[in-house]
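Undergrad: One structure, pasted below without further comment.
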Amino acid sequence: MTIRLDSLKPNKGARKKKLRKGRGIAAGQGASCGFGMRGQKSRSGRPTRPGFEGGQMPLYRRVPKLKHFPLVNSKNFTVINVSALNSLKEGTKVNLDSLVKAGIVTSPKYPLKVLGNGDLKVKLDVQASAFTSSAKTKIEAAGGTCEILL
């Protein structure tokens with residue numbers, strides 16, 4: 001006997017008849033259809049959404065509020081205060097490379113950000129990726145310029 005597509009059929013007992021619920025007491029699953037009496041889990045449709053914890057703040061919402069969870073796309077900078085720039089000569093162009101050569105910055109891993117702590121007495125042309133507003137005003141008040149690098 002050869003097997004052809006029109007002669008294929010499932011094994012005996014593989015396909016079971018679906019239980020018809022809600023068709024009276026004699027059918028075996030009448031009225032409440034095996035869901036018990038009343039309550040949230042007896043209603044039609046999905047009882048609750050995935051992750052629902054009965055009104056308690058669910059895990060997926062309370063976990064990031066705990067400590068030691070890093071920011072996903074955090075911005076890192078090599079930071080330097082305005083007061084550290086006083087040792088440079090007047091009119092010099094200040095960027096990350098020049099600060100490394102001068103020995104002010106020792107580990108230039110990230111882009112440069114200038115913070116506004118301290119006072120600046122020297123006129124400088126500063127090139128950095130970011131400036132705080134106080135640093136920008138102090139550099140420009142000393143007669144220097146601020147250039148943002150992308």
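The values are calculated or read from the model by the stated rules, or taken from the named source; none is laboratory data. Note that the coordinates shown come from a computational prediction; the quantities given were computed from them, not determined experimentally. Cβ: placed from backbone, ideal geometry, glycine included. Neighbour counts: every protein chain shown.
Undergrad: Of these, V79, V100, V72, which one is aliphatic (A, V, I, L, M) and in a loop (DSSP other than H, G, I, E, B)? Spell out how you get there, then give the answer.
TA: Numbers: V79 fails: in a loop (DSSP other than H, G, I, E, B); V100 fails: in a loop (DSSP other than H, G, I, E, B).
Of V79, V100, V72, the one residue that is aliphatic (A, V, I, L, M) and in a loop (DSSP other than H, G, I, E, B) is V72.
Undergrad: Could you grab the pairs with beta carbons closer than 9 Å, sequence gap of 6+ or different chains, first residue in the range 27-53 and loosely packed, with under 12 Cβ neighbours inside 10 Å, second one of a type in the set (V, I, T) and in a loop (DSSP other than H, G, I, E, B)?
TA: The qualifying pairs are Q40/T48; K41/T48.
Undergrad: Looking at R46, R4 in this structure, which one is charged (D, E, K, R) and at pLDDT below 90? Full working, then the answer.
TA: Working: R4 fails: at pLDDT below 90.
Among R46, R4, only R46 is charged (D, E, K, R) and at pLDDT below 90.
Undergrad: May I pose another question? Take the conditions free of Cβ contacts under 8 Å to residues at least 40 places away in the same chain and either outside the structural domain of K138 (by TED's automatic domain parsing) or surrounded by 10 or more Cβ atoms within 10 Å (Cβ to Cβ) (or both) and apply them to K89. Does it pass?
TA: Working: free of Cβ contacts under 8 Å to residues at least 40 places away in the same chain: yes; either outside the structural domain of K138 (by TED's automatic domain parsing) or surrounded by 10 or more Cβ atoms within 10 Å (Cβ to Cβ) (or both): no.
Spelling it out, it is not the case that K89 is free of Cβ contacts under 8 Å to residues at least 40 places away in the same chain and either outside the structural domain of K138 (by TED's automatic domain parsing) or surrounded by 10 or more Cβ atoms within 10 Å (Cβ to Cβ) (or both).
Undergrad: Go through (1) β-branched (V, I, T); (2) touching a Leu at 6+ places or on another chain (Cβ under 6 Å); (3) free of Cβ contacts under 8 Å to residues at least 24 places away in the same chain one by one and return the number of the condition T106 breaks.
TA: If we test T106 against (1) β-branched (V, I, T); (2) touching a Leu at 6+ places or on another chain (Cβ under 6 Å); (3) free of Cβ contacts under 8 Å to residues at least 24 places away in the same chain, just (2) comes out false.
Undergrad: Restricting attention to the range 106-125, which residues are farther than 18 Å from I148 by Cβ, surrounded by 16 or more Cβ atoms within 10 Å (Cβ to Cβ) and under 34 Å from the mean Cα position of the chain (by Cα)?
TA: Of the range 106-125, the ones farther than 18 Å from I148 by Cβ are 106-107, 109, 117-119, 121-123.
In the following step, the residues that additionally are surrounded by 16 or more Cβ atoms within 10 Å (Cβ to Cβ) were identified as 122.
Selection gives nothing.
Undergrad: Related question: Might you let me know whether the range 16-27 holds any residue that is assigned to a strand (DSSP E or B), at pLDDT 90 or above and either over 30 Å from V100 (Cα atoms) or of a type in the set (V, I, T) (or both)? So that I can check it myself, show each step before the final result.
TA: Quick first cut of the range 16-27, residues assigned to a strand (DSSP E or B) only: none.
No; the residues of the range 16-27 include none that is assigned to a strand (DSSP E or B), at pLDDT 90 or above and either over 30 Å from V100 (Cα atoms) or of a type in the set (V, I, T) (or both).
Undergrad: Evaluate the range 127-145: report whether one residue or more is basic (K, R) and in a loop (DSSP other than H, G, I, E, B).
TA: Here is the first cut: in the range 127-145, the residues basic (K, R) are 136, 138.
After this cut, where a residue has to be in a loop (DSSP other than H, G, I, E, B) as well, the list is none.
Among the residues of the range 127-145, not one is basic (K, R) and in a loop (DSSP other than H, G, I, E, B), which makes the answer no.
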